[in-house]
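Structure, as structure tokens:
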Amino acid sequence: MENLNSPKQVLVCQHHTCRKDGAARVLETFQAHPVVDVTVSGCGCLGLCGSGPIVLVTPDNTYYWHIRPKNVPTLIDQHLRHGQVVTDLLHARLHHDPNEFL
Ligand code: FES
């Protein structure tokens, strides 16, 4: 079981399909706005091709889809700094239980 108090990590898929949809710019935007105790890195395919760019936040295993650079400030402020999931950007096929993050 994951320790939800572990430092947060942001993974931005950099594999073919997400990359074609602009994942490199998403990763660059996260890296341009570092957050204390949060690591950001690119990663391989997360198995959700076609709904990217995909961003995964661990240890809470939150998947965001169709992320654009303009979404990054909201993810940083709301999720990484204040611990609140950004429901509008959640991967709807993975996170369909509205009580999941209560
Ligand atoms: S290419 Fe990003 S999830 Fe597969």
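Coordinate-derived values only; no laboratory data. Note that the structure is a prediction, hence the values are computed from the model and not measured. FYI the Cβ positions are ideal-geometry reconstructions off the backbone, even for glycines, and counts take in every protein chain you see.
If the label point is 7 Å along Cα→Cβ of Lys70, which residues in the range 41-62 have backbone nitrogen under 20 Å from it?
Answer for this model: 51-55.
Full extension from Arg25 to Ser6: what is 0.36 nm times the residue separation minus their Cα-Cα distance, to one decimal in nm?
So the extension gain works out to 4.2 nm.
In square nanometres, what is one fourth of the surface area of the convex hull spanned by the alpha carbons of the chain?
Averaging across all directions leaves 6.1 nm² for the Cα convex hull.
Might you report the magnitude of the Cβ-based charge dipole of the chain about its Cα centre, with Lys and Arg at +1 and Asp and Glu at -1, to the nearest 20 debye?
Dipole about the Cα centre, nearest 20: 400 debye.
Can you give the helix-only mean residue ellipticity at 222 nm for the chain, where every DSSP H stretch with n ≥ 4 adds -39500 (n - 2.57) and the sum goes over all residues, rounded to the nearest 500 deg cm²/dmol?
Computed ellipticity for the chain at 222 nm equals -4000 deg cm²/dmol.
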